[in-house]
1. If packing is taken as the mean number of other Cβ atoms within 10 Å per residue, what is the order of A:2-10, A:93-101, B:44-52, highest first?
2. Please give the contour-minus-distance gain from B:Val11 to B:Asn82: 0.36 nm per residue of separation, less the Cα-Cα distance, rounded to one decimal in nm.
3. Helix A:48-72 versus the longest principal axis of chain A: what is the Cα-based angle in degrees, 0 to 90, to the nearest 10?
4. Checking the table B:Lys26/B:Lys74; B:Lys34/B:Lys116; A:Lys40/B:Lys74 against a 21 Å threshold on Cα-Cα, which pairs fail?
5. Which shape class applies to segment B:2-147: rounded if a/c is under 1.5, otherwise prolate when a/b exceeds b/c and oblate if not, where a ≥ b ≥ c are the square roots of the Cα gyration tensor eigenvalues?
6. Net charge around A:Thr84, counting only other residues with Cβ within less than 12 Å of its Cβ (Lys, Arg = +1; Asp, Glu = -1)?
7. Using all alpha carbons of the protein assembly as shown, what is the percent of pairwise distances in each 5 Å bin, ordered from the shortest bin to the longest?
8. Give the average, rounded to an integer, of partner chain Cβ atoms located within 10 angstrom of each Cβ in B:68-75.
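Values quoted throughout were computed directly from the atomic coordinates according to the rules given, and no laboratory measurement underlies them. Model, not experiment: these values are computed from the prediction. Positions of Cβ are backbone-derived with ideal geometry, glycine not excepted, and every protein chain shown enters the neighbour counts.
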Amino acid sequence: MLVSNLELVPGRRIVAHYGIVQGSTVRAKHVGKDIFAGLKNIVGGELKGYTELMQEARQEAVERMIAEAQSMGANAILNVRFATTSIAAGAAEILAYGSAVQLDGP
Amino acid sequence: MLDLIEFGLFVTLLIVGFFAGTIVEKRHYASIRKREREYADVLAFAVRFPPDRVTPQRAFLVHGTVVISSDYFKTFVAGLRNLFGGRLRTYETLMERARREALLRLKHDARRQGAKLVICVRFETTTISTGWAASIEVFAFGTALIPERDTGLAFGARSALPA
């Protein structure tokens, strides 16, 4: 599965469009991490726990998007975008979406 | 008495925030500069289409993300500045560090998978609220391209870059 935020992949032709596919996940912060982050807010710097959390969440959103595209029979997702929305204090939704297409070639 | 303790705590946090924050920021900038030199051979562009002579063999999504927090002192100064308006220098450096860090991680991701060219780079910034403190997330993503023949010529854009 080719996943890209380009509109066209150079050298490859789009032979079929399957429409929009998306994947999302809602994540909440861990209390322990929250307390640690509170302390880290005094000295500043990277909040590694949160970085990992966001990374995992995006990974999952992308995987869900890919699963949807696969069920349609697509071999690529183009024009991928991400969106993050905070739903409540400490909880956020991460959304990945793009266009499922069939590209010619291998 | 209680007020005095509270004030003492506030001043202590301010002092700790100032010194620790300054050290953390200096170290981070040093690390960013060092890695920016290391990753100078990975090119990242915001353009939507690849340079003419690049015929990619493989295209895939690469990304880098960082959550970074301001320190107590900076947040306090920014709060004061907010009364009068104008530039919040303390937050400007925070945002800059986060963007450069996210871009570096994107380049790391690209190189790890054997790519030296990333196009269509986009940034996304999210505010992560943890009470009164300012912490932000910067997410950088783009499409890495691996050309069929990795000749110097393939990167027509390189000559346009400042040395």
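1. Values: A:2-10: 18.8, A:93-101: 21.7, B:44-52: 15.1.
Packing order, densest peptide first, comes out as A:93-101, A:2-10, B:44-52.
2. The span from B:Val11 to B:Asn82 would gain 23.6 nm if fully extended.
3. 20
4. On the way: B:Lys26/B:Lys74 14 Å; B:Lys34/B:Lys116 18 Å; A:Lys40/B:Lys74 13 Å.
Those over the limit do not exist; all pairs fall within it.
5. prolate
6. Numbers: positive: A:Arg27, A:Arg58, A:Arg81; negative: A:Glu93, B:Glu124, B:Glu137.
Counting the neighbours of A:Thr84, the net charge comes to 0.
7. Histogram of Cα-Cα distances, whole percents per bin: 1, 6, 11, 14, 15, 14, 12, 10, 7, 5, 3, 1, 1, 0, 0, 0.
8. Working: counts 7, 11, 3, 6, 4, 3, 1, 3.
Mean shielding count: 5.
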